[in-house]
1. Residue under question is residue 534, and the condition is that it be modelled with pLDDT under 85, among the aromatic types (Phe, Trp, Tyr) and either in contact with a helix residue (DSSP H, G or I) (Cβ under 6 Å, 6 or more places away or on another chain) or away from ligand 1 (no atom under 16 Å from the Cβ) (or both); does it hold?
2. Can you tell me how many residues within the range 723-776 are of a type in the set (Phe, Trp, Tyr) and either at pLDDT 85 or above or closer than 25 Å to residue 592 by Cβ (or both)?
3. State yes or no: is residue 750 open to solvent by 10 Å² or more (accessible area, probe 1.4 Å), more than 16 Å from ligand 1 (Cβ to nearest atom) and farther than 21 Å from residue 699 by Cα?
4. Test residue 675 against the criterion of being exposed (fewer than 15 other Cβ atoms within 10 Å of the Cβ), modelled with pLDDT of 95 or more, over 27 Å from the mean Cα position of the chain (by Cα) and not in a helix (DSSP H, G or I), and give yes or no.
5. Give the number of residues within the range 85-107 that are over 22 Å from the mean Cα position of the chain (by Cα) and either on the phi > 0 side of the Ramachandran plot or not assigned by TED's automatic domain parsing to the domain that holds residue 238 (or both).
6. Within the range 629-665, work out how many residues are hydroxyl-bearing (Ser, Thr, Tyr) and open to solvent by 50 Å² or more (accessible area, probe 1.4 Å).
7. Which of (1) over 15 Å from the mean Cα position of the chain (by Cα); (2) within 16 Å of ligand 3 (Cβ to nearest atom) is the odd one out, the single condition residue 708 does not satisfy?
Amino acid sequence: MQIQNLWSMKSAALVVLATALGGALATYAAYEFAVKAERMAAEQRFKFARAETVTAIEARMRNYESVLRSSNSVFEINEDLTRQQWQDFTQGLQLHRNFPGTQALGYSIWVSPENKAAYEASVRADGFPDFKIKPDGPREAYTSITFIEPMDVRNRQAFGYDMWSQETRRTAMSRARDTGEITISGPVKLVQEIDSEVQAGILMYLPHYTTSTLDDVVDRRAANTGFVYGAFRMGDLMAGIIGSDLRDIEIEIFDTDGSDTANSLYSSIESEDTAQQNPQLTATDAITMYGRTWQMASHSKPSLFARAGDVGLGQAVVMASAGASLFVLILVLLALNTRRRAAEIARRMTRDLDQRTEELSASLRRQVRIEDELRSLVTTDTLTGLANRSAFNVWLKEVGKQNHQSGVFPTKGTNGGYGIMMMDLDRFKTINDTLGHMKGDELLTAVGTKLKNELPDTCKLARLGGDEFAVIVADDEDQTQSLELANRIRNLFSDPFDCDGRYIKTTCSIGVAYISADMPNPERAMSQADIALYRAKDSGRGVIKVFDETLEAESIRRATIEDALDGALARREFHLEFQPKIGSNGGSVVGAEVLLRWIHPDMGFIPPDMFIQTAEETGYIESISAWILDATCKQIRTWMDNGVTDIPLAINLSSQQLQSPELIATITNTLRRHNIPPEKLEIEITESMLIDDFEQACRRLKQLREIGIKIALDDFGTGYSSLSYLHKLQVDVLKIDRSFVGSLDTPQSKTIVQSIMTLAKTLDLSTVGEGVETVEQAQFLRANGCDEMQGWLFAKSLRAEDFEQWIADSEAMSTAAKLAVV
Ligand code: C2E
Ligand code: CA
Ligand code: CA
């Protein structure tokens, strides 16, 4: 659209130039034309500005949605959520900054008349002596805002308010309760409005239930215990979107649902602005979401006609929103204590930030600030105050980078080496289960404090998560320091720990490994220490084990595979299998993923996860990958020629392929050789493949997309996908990792999947759910807007002949599977 604008402007300018040279008649005609051209350009700018605003409003509302969903998951994970925990969580979100317009985030609970007195008494006992459900008076049932944050002057007004008692709120709440969906209310005056600057407010509700098996309205009503809700002030909400007077339009928003009169939600027009009384262009757009429809009336400002071109603010707003939803996703991952993922996040975020700070445009600066804060948030362990796994990984990297002169460590070993220790409390789970999580946390805190106080400053200590701690210390090859330290740590456990008056005795197991100065990859030492720890645990309590080669059966297996790979391709031990991808709406086969299969004459089937990495490390992957590409294209051609199917086939790229300068040429040549249209081939990559040379990978993928090949980001959610990654990568598809789909019975995974869906929507990417095995998983994915699915529920990966059969045989898919997608 902008190019068009530019063209019309250019032609207008040319015409104006011509008039200066031509006669009077020509002048008149040209003037007419220029005015028309300018008018058309302005109309286009007007249309564009409206579309941008609608997109920005929708994106903002989706962010609020993610906030509510993540809040809900906090309740689901923690049945007895305390006020403090709720406060911590909401503070982490930094509502005012990251989600402008949010007046309150809270929880409203059902209270029956019989329980009213007891409920009020319990809140009073919680430190609110004046608390009561408002407004006064007997009613059939009450809801009460029982949690509300931030607990400021305004929100104190709303604490205890029975939203059900008021019609507009009740309508939205009952719709939420009966449908299980998020709803928004019509305009209300928020109870929080106490001063003169009153703005229209809206409420967003997410119903909370005791159980997840809810078949109908009756079930939902019975299981509804309350609502997670957000209160938003429309003026503040819109100010974040409309921003300054950079805009060339004024807008007014009305809620017209269920009433004859339009209820104003927002207006950007200053009442004394007379210039705005006769706008040249006016239009109305409908915005439908969360069960309500808003009408947005836009009016052009005089500046719209004076300006050529657009600042493209919309993109910035949308990207900032995407950032916010990603931010929520990250917070959720952190809150859920998926520490492996959190560690991954921190690691990538750190390098990512370094790389991109300079390249970020001004509009994304806010995002950087958020990530900066996140970085500090993710380097300390909130429970013990020690460094956490992310920080530990950074140290490890430091150690690897400059083995000899790391600024991080006060001293260094005689040979520039380091000792690494992983430790883990014995029977911690039992303690947690029998004494409760509170005591478990207290014990961890006590252990952390003791370690911090007793260990010398020369070593670096971190809590990796759970009951796992780790230490790095400068050491020599004999590991004298490490062993001495390990013994000292073990002795620290000879006395019980004081956990708020209760003494708990525990022991710890320790695994020790050595990072020599020439070790290219200290993370390897970490897994060695892990292996040693594993063995220590195996041999009883309070054991210290030092890693040595015999512990590493892994390397033996690797060597075997390496040998077997030699010549495997020539001996035709590989074949391809195909796993269908099913459209979530209608259940048609929309594509298939190509999976490599290796049948070894002696060892039998060897799964790809067991050999792909070795093949990459040894270089065998190159010829294997070339063969996969060729065989896949051949298959596409055969199936198209024989009328079997013309669905696209997706191949998994190896990281080496992505790094190869020949990739594009190889692919185009292969496509040409088999006479295949590029849209019949798709490519799956994983985030981990992008780490080494992101810029280059980006360029390659961009080229592939330009040819017409679709790109899917595989195993999405298992790594850290920063906003700039996704933005720059320009992928088409996100494949939601099967680990989330496989655990959709947990609220955590549900939230993660929903957050990913929100993110995908914001960035306009399509989604594939992987590893779908049950009807429930399929239904959940479908209900949350996932476009396609893949998994054993529909079909396992099939050999070409079987795939043909499967396609031909309409009975091949189980009825249950079919029902889940039609
Ligand atoms: P991936 O790309 O995530 O592939 C999907 C994996 O999920 C496949 O495992 C598939 O068999 C499995 N899967 C599909 N549906 C289900 C399900 O319902 N439940 C469960 N539990 N699993 C399901 P597979 O074939 O073992 O492949 C593992 C990984 O090996 C792949 O993960 C991919 O990263 C790699 N790989 C496979 N084929 C190739 C290839 O041709 N080239 C390269 N470079 N990598 C490959
Ligand atoms: Ca894949
Ligand atoms: Ca995958």
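The values are calculated or read from the model by the stated rules, or taken from the named source; none is laboratory data. On a predicted model such as this, the values are computed, not experimentally measured, just so you know. Cβ: placed from backbone, ideal geometry, glycine included. Neighbour counts: every protein chain shown. SASA here: full protein model, heavy atoms, side chains in, ligands and nucleic acids out. Shrake-Rupley method; radii C 1.70, N 1.55, O 1.52, S 1.80 Å.
1. Working: modelled with pLDDT under 85: yes; among the aromatic types (Phe, Trp, Tyr): yes; either in contact with a helix residue (DSSP H, G or I) (Cβ under 6 Å, 6 or more places away or on another chain) or away from ligand 1 (no atom under 16 Å from the Cβ) (or both): yes.
Yes: the conditions hold for residue 534.
2. Selection size over the range 723-776: 1.
3. Here the answer is yes, as residue 750 does meet what is asked.
4. Spelling it out, residue 675 is indeed exposed (fewer than 15 other Cβ atoms within 10 Å of the Cβ), modelled with pLDDT of 95 or more, over 27 Å from the mean Cα position of the chain (by Cα) and not in a helix (DSSP H, G or I).
5. 1
6. Narrowing the range 629-665 to residues hydroxyl-bearing (Ser, Thr, Tyr): 632, 638, 645, 654-655, 660.
Okay, now just the ones that are also open to solvent by 50 Å² or more (accessible area, probe 1.4 Å), so 638.
Here the count works out to 1.
7. Answer for residue 708: the failing condition is (2).
Conditions tested, residue by residue: (1) near ligand 1 (Cβ under 9 Å from one of its atoms); (2) touching a helix residue (DSSP H, G or I) at 6+ places or on another chain (Cβ under 7 Å).
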position: 569; (1), (2): no, yes
position: 575; (1), (2): no, no
position: 578; (1), (2): no, yes
position: 581; (1), (2): no, no
position: 584; (1), (2): no, yes
position: 588; (1), (2): no, no
position: 601; (1), (2): no, no
position: 615; (1), (2): yes, yes
position: 623; (1), (2): no, no
